[in-house]
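Participant: Pasting a structure below so you can have a look.
Each reported figure results from applying straightforward, stated rules to the coordinates on display, with no laboratory input. These numbers were taken from a predicted model, which means no experiment stands behind them. Every residue, glycine among them, receives a Cβ derived from its backbone with ideal geometry; neighbour counts consider all protein chains shown.
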Amino acid sequence: MKREAKILAKDRKLAEKIDAAGRKHEYQLAEMELDKLKGTKLGKDDVQRWLNMAKVATPVLLPLVYKVVSNAQSSDKTAEAGGVDLKAAGINATGPAAALGARIVRLERTLDGLETSRGGEREVKDFVASTRTRLTDLRTAVETAETTPTAQRREIHSSISGELDRVNKDVLARLGVKA
């Protein structure tokens, strides 16, 4: 019996050791989980670091975000510059060239109206035909200017704008409007 008691005592001690080792391991796992949770909380230093990064990144990212948003909004609209659908009019231009393209389309519409109202007159027919030829040439010039270097493009746009001003004055004179 003494011997059995001794063996049982040894077994109990061994079981306690194994049990203690298991609890120690569980305790270590619990501490690791706690450390992970502590690491995810935002502290004062973390907030300050994020604010400093935001101060640096804002001037760079804000214009990019604005451009993305404005491009998304303009792609949703069918009417481009000046309420004129340039793609439907056959003009493939952006930026300042789109504004010039819109002016050309509006002048062509005005010529349509002039031709409808006073198309029977020979002088009006000749004027409309010659003006349409000028506008077609200007349309081609606007599209061609898109492939030129920036400085040259600005000069081309300026001369096209001047030519459109002259065409506009001629059309207004035909309509009897004095400027």
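Participant: Rank by packing, highest mean first: peptides 163-174, 58-69, with packing defined as the count of other Cβ atoms within 10 Å averaged across residues.
Facilitator: In decreasing order of mean packing, 163-174, 58-69 become 163-174, 58-69.
Participant: Using per-residue counts of other Cβ atoms within 10 Å, averaged over each peptide, order 20-31, 137-148 from highest down.
Facilitator: Going by the mean number of other Cβ atoms within 10 Å, highest first, we get 137-148, 20-31.
Participant: Right, here's the next one. Starting from 0.36 nm per residue, how many nanometres of slack lie between residue 65 and residue 178 once their C-alpha separation is accounted for?
Facilitator: 36.1 nm
Participant: How many nm separate the modelled label positions at residue 72 and residue 15, each set 7 Å beyond the Cα in the direction of the Cβ?
Facilitator: Result: 6.6 nm between the two label points.
Participant: Another question about this same structure. Kirkwood hydrodynamic radius for region 1-42: how many Å is it when counted over pairs of different Cα atoms?
Facilitator: One decimal place: 12.7 Å for the Kirkwood radius.
Participant: Could you tell me the distance between the Cα centroids of region 11-32 and region 120-178, to the nearest Å?
Facilitator: The two parts, judged by their Cα centres, are 91 Å apart.
Participant: Also, I was wondering about something else. What order, most packed first, do the peptides 45-55, 126-136 have when packing is the mean number of other Cβ atoms within 10 Å of each residue?
Facilitator: Ranking the peptides 45-55, 126-136 by packing returns 126-136, 45-55.
Participant: From largest to smallest, what semi-axes in whole angstrom does region 103-179 give when each is the square root of 5 times an eigenvalue of its alpha carbon gyration tensor?
Facilitator: Equivalent ellipsoid of region 103-179: 27, 13, 8 Å, largest first.
Participant: Residue by residue through region 145-152, which ³J(HN,Hα) values in whole Hz follow from phi under the Karplus form 6.51 cos²θ - 1.76 cosθ + 1.60 (θ = phi - 60°), with glycine and proline marked x?
Facilitator: 5, 4, 9, 8, x, 4, 4, 5
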